[in-house]
Every structure is written in C-alpha cells, then in structure tokens.
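Undergrad: Shown below is the structure under consideration.
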Amino acid sequence: MNPFSSFLSLLLPLLVTLFLLILLLEQIWYLRRKRNVPGPNILFPFFGNVIPLITNPTKFWQLQAQLSASVGFSVNYVAGRFIVFIRNTELSHLIFANVKPDAFLLVGHPFGKKLFGQHNMVYMFGQDHKNLRRHIASNFTPKALSTYAQLQQLIILKHFKSWERLWSTVSPAEPIPLRLLVRDMNLQTSQTVFLGKYLSSEARERFRVDYDLFNAGLMKLPFDLPGFAFRKAKLGAERILKTLTHCAAESKKRMLQGEDPSC
C-alpha cells in the first residue's frame, strides 16, 4: 500500500465521523430552537426543506399553514435558515411593528434576493425601512385610495362583461377556468392603479410576459445559466425595473407641472 492510500484510509473514517457529527449538531440546533412548536422533526441535511418549497410551493405553504393552525405559527428549516410561519393576525402585526435590523429576516423565497434585488423593500429593516415607508405613505391617503378604487371598479366591470360574453359562446354545462382570467384582470388593475397612462400597450404586453417569466423563475432552482427559467426570470425582472424607472421619470415630469395624480 502506497503512503497516499495509507493516509487516505486513516483520514476517511475521520471525515465520515466529522460529517456525521455536523449532521447531528445541525439536527440538535434545529430541535433546540423548534422546541414544542409545530414543524418537521427531521431535517434533510444542509438544505432542509428547500426542494419541496421550490418544486411545489403551494403544497409547501399549505402544509405549513396546517401545522400552524393550533397555535397560530409553525417553524421550518430552509437552506440554512430557521424560519417561522405566522398565521395569527395579531402576532403578525406585533412582528411587523418591530423593524429593528436584528428583529427578524423576511424570507419570501430562499433565492429571492437574486430576483427581487438586494435593496428591495422586502429586505429592508431599521431606519431604511422607516424612511421608505414615510416616503410612500402619501400614496395611501383616503384621497389617493378613492382614486384607485374608481380605477379598479372600471377595470373589474370591464372584465366581468368580457367574461359574460365568453360564457355566452360556450355550452352552459361546460365550465370555464377562471384562474388565468382573474390573473389578467388583477394584472391590468395593478398596472393601471400603480402606473396609469405611463404604460403603453406594448409595454403592458411586455410587462405581462416578463411577469410570467418572473413567477416561473421563483419556482425553479437558481441555475443562472442561459436557457434556464431562473436566468429568464432575472432578465425579465431587469426589464420590469427599467419600465418602472421610465414610468417614475414620466410621473415626476407631470408632478412638476402641477397636474393632479391619476395613479
């Protein structure tokens, strides 16, 4: 036996023992934090439950919600993060009222920062969070909300009428799936309320396509390579950001002219 093989035969048991020790410590660390709170009792090493979260997020959060039904919250472990799922409304208000940097970390998606961006409001805490909330507060005054409500009502009625025409063209016994119809209505409502006339018809269609790519990327593993859904989502998010930046610039021009806001 050569010296390298001899060294490897001595080192391998140590490496295996160290690996098993790390796995054991990870489980103990999780269980100590979990205590008696509802949540999975056994972890997949290192990754936790990140794979079911990405492959079937709807089922993942439904199970998490079921676990939290008894006490209002539950826990899990995702990609090295100990997460707490809140179902109780009062507890949610209590948590979100605390914006200190070390209070909590919002985990919208294990790889969300790569798509939402490092400086997205979702990941802001402390004074930065307070400053941004103060800046956008004027968008949610009673006067502003009344403007949005009028826009929403017009769009919703328009879509209801189109659905009625669609239903009249098919057999009464044949069901029509509403998911995509409602999604299109919500998308147009959001675009009009937030961006108003600053979005052209071409930009709205491009926005719709990029938003689809973005949502698809949130449900895929983060392979940032050409042709993969995650890369398409990143590029789509960059285009959406450029569109929003252009709309904001156009809005500022209109504000300087003293015109009343319409979105």
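Undergrad: Report the full-extension gain for the segment Leu91 to Val37: residue separation times 0.36 nm, less the Cα-Cα distance, to one decimal in nm.
TA: Length difference between fully extended and current span is 18.0 nm.
Undergrad: Quick query: amide H of Val78 versus all other amide H atoms, modeled in the peptide plane; which residues come in under 5 Å with a sequence gap of 5 or more or a different chain?
TA: Amide H neighbours of Val78: Asn49, Ile83.
Undergrad: Okay, moving on. Springs between alpha-carbon atoms under 10 Å, Gaussian network over the chain: tell me which of Val37, Val71, Val50 tops the mean-square fluctuations.
TA: Val71
Undergrad: Which order do the peptides 21-32, 173-184 come out in when sorted by mean C-beta neighbours inside 10 angstrom, highest first?
TA: 21-32, 173-184
Undergrad: Per residue, how many Å² of accessible area does the chain show with a 1.4 Å probe?
TA: That works out to 70 Å² per residue.
Undergrad: I would also like to ask the following. Roughly speaking, what % of Cα-Cα pairs in the range 134-257 are separated by over 20 Å, rounded to a whole number?
TA: For the range 134-257, the share of Cα pairs beyond 20 Å comes to 59 percent.
Undergrad: Taking K and R as +1 and D and E as -1, what net charge do the other residues with C-beta under 11 Å from the C-beta of Arg183 add up to?
TA: Here the count lands on 0.
Undergrad: Sticking with this one: How compact and how long is the range 13-97, expressed as Rg and Dmax of its alpha-carbon atoms in Å?
TA: Computed over the Cα atoms of the range 13-97, radius of gyration and Dmax are 14.7, 51 Å.
Undergrad: Write down the Å³ per residue value for the convex hull defined by the alpha carbon atoms of the chain.
TA: 241
Undergrad: Compute the signed sum of charges (Lys and Arg +1, Asp and Glu -1) over the other residues within less than 11 Å, Cβ to Cβ, of Leu199.
TA: Neighbourhood net charge equals +1.
Undergrad: Per DSSP helix of 4 or more residues, -39500 (n - 2.57); summed, then divided by the residues of the chain. What does that give at 222 nm, rounded to the nearest 500?
TA: -20500 deg cm²/dmol
Undergrad: Still on this structure, I have one more. What is the sum of charges around Tyr77, taking Lys and Arg as +1, Asp and Glu as -1, for the other residues whose C-beta is under 13 Å from the C-beta of Tyr77?
TA: After counting each charged neighbour, the total is +3.
The values are calculated or read from the model by the stated rules, or taken from the named source; none is laboratory data. Predicted model only: the values in this text are computed from it and were never measured. Note: ideal-geometry Cβ built from the backbone for every residue, glycine included; neighbour counts use all protein chains shown. For the accessible areas, the whole protein counts, side chains as well, though only heavy atoms, and no ligand, DNA or RNA atoms are used. Shrake-Rupley method; radii C 1.70, N 1.55, O 1.52, S 1.80 Å.
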